[in-house]
Amino acid sequence: MKTNAISISDQQLLTDLSNGNDTVFPLIFDRYWKRLYSYAYKIYRDDKVCEDIVQEIFISLWEKASESQILNLEAYLLRSVKYRVANHFRSLKFSNSQEEILENIPYPSNSVLSLEYQEFEKEVLSQVKKLPPRCREIFILSRFDNYSNSEIAEKLDISIRTVEKQISNALSYLKANLVNCHIAGFITTMLLQC
């Protein structure tokens, strides 16, 4: 079971969790608890507080699973740690300068996100759902599950050229339909990477 659990993508875990499959929650917990705790501890060196913060994040994820639309689980969880630690600091009545320092704590290098990212996630997910089924499937495998074009072609038993064309169609559609979104600038960095 452990080997199978490792191969399940975050996107699949999120889908299963939002569909009410309670058995995937322990997989998410096992995958991320240690990393979230370590990140919290780097910011605030108190075992009990960090354990409580991580526990609160998992409780929140569990409670809101059916209504959340999360595209990047890891980034969502790490961002949650930062905000919970920030809220804890605020509750300690720090000065404005200390709060400003806290606000400028960077995310881990592989999860650099802005505050606007949540809104962007919802808009992109909404537009991705409007893609034709085959195009949507290929795009999700490519951009959300990080499959290479050749892996997608092999998995779906289609040519690499077909994969490339479908991804190109999806990107064209998203660029055209996210133009009015005030955070459309993220497209080039988040989606157009090949």
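The values are calculated or read from the model by the stated rules, or taken from the named source; none is laboratory data. What you are looking at is a predicted structure, and each value in this text was computed from that prediction instead of being measured. Positions of Cβ are generated from backbone atoms using ideal geometry, with glycine treated the same way; all protein chains shown enter the neighbour counts. When the accessible area is computed, the model is the full protein with side chains, heavy atoms only, and any ligands, DNA or RNA have been set aside. Shrake-Rupley method; radii C 1.70, N 1.55, O 1.52, S 1.80 Å.
Residue check: is Q69 open to solvent by 40 Å² or more (accessible area, probe 1.4 Å) and not in a helix (DSSP H, G or I)? So Q69 passes the test.
Is the stretch 79-87 home to any residue that is at pLDDT 85 or above, part of a helix (DSSP H, G or I) and among the hydroxyl-bearing types (S, T, Y)? Checked the stretch 79-87: at least one residue is at pLDDT 85 or above, part of a helix (DSSP H, G or I) and among the hydroxyl-bearing types (S, T, Y).
Name the single residue that is surrounded by the most Cβ atoms within 10 Å (Cβ to Cβ) among those in the stretch 147-192 being at pLDDT 75 or above and either among the acidic types (D, E) or not in a helix (DSSP H, G or I) (or both).
This residue is Y147.
Put simply, of T3, T23 the only residue that is at pLDDT below 75, among the hydroxyl-bearing types (S, T, Y), surrounded by fewer than 13 Cβ atoms within 10 Å (Cβ to Cβ) and part of a helix (DSSP H, G or I) is T3. Between E51, E63, E56, the distinction of being touching a residue at least 24 places away in the same chain (Cβ under 8 Å) and open to solvent by 30 Å² or more (accessible area, probe 1.4 Å) belongs to E56 only. Taking the conditions exactly as written (in contact (Cβ under 8 Å) with a residue 12 or more places away in the chain, loosely packed, with under 15 Cβ neighbours inside 10 Å and closer than 19 Å to K82 by Cβ), does S38 satisfy them or not? So S38 does not fit the description; no.
Of the residues making up the stretch 118-146, just one is assigned to a loop (DSSP other than H, G, I, E, B) and among the aliphatic types (A, V, I, L, M), namely L131.
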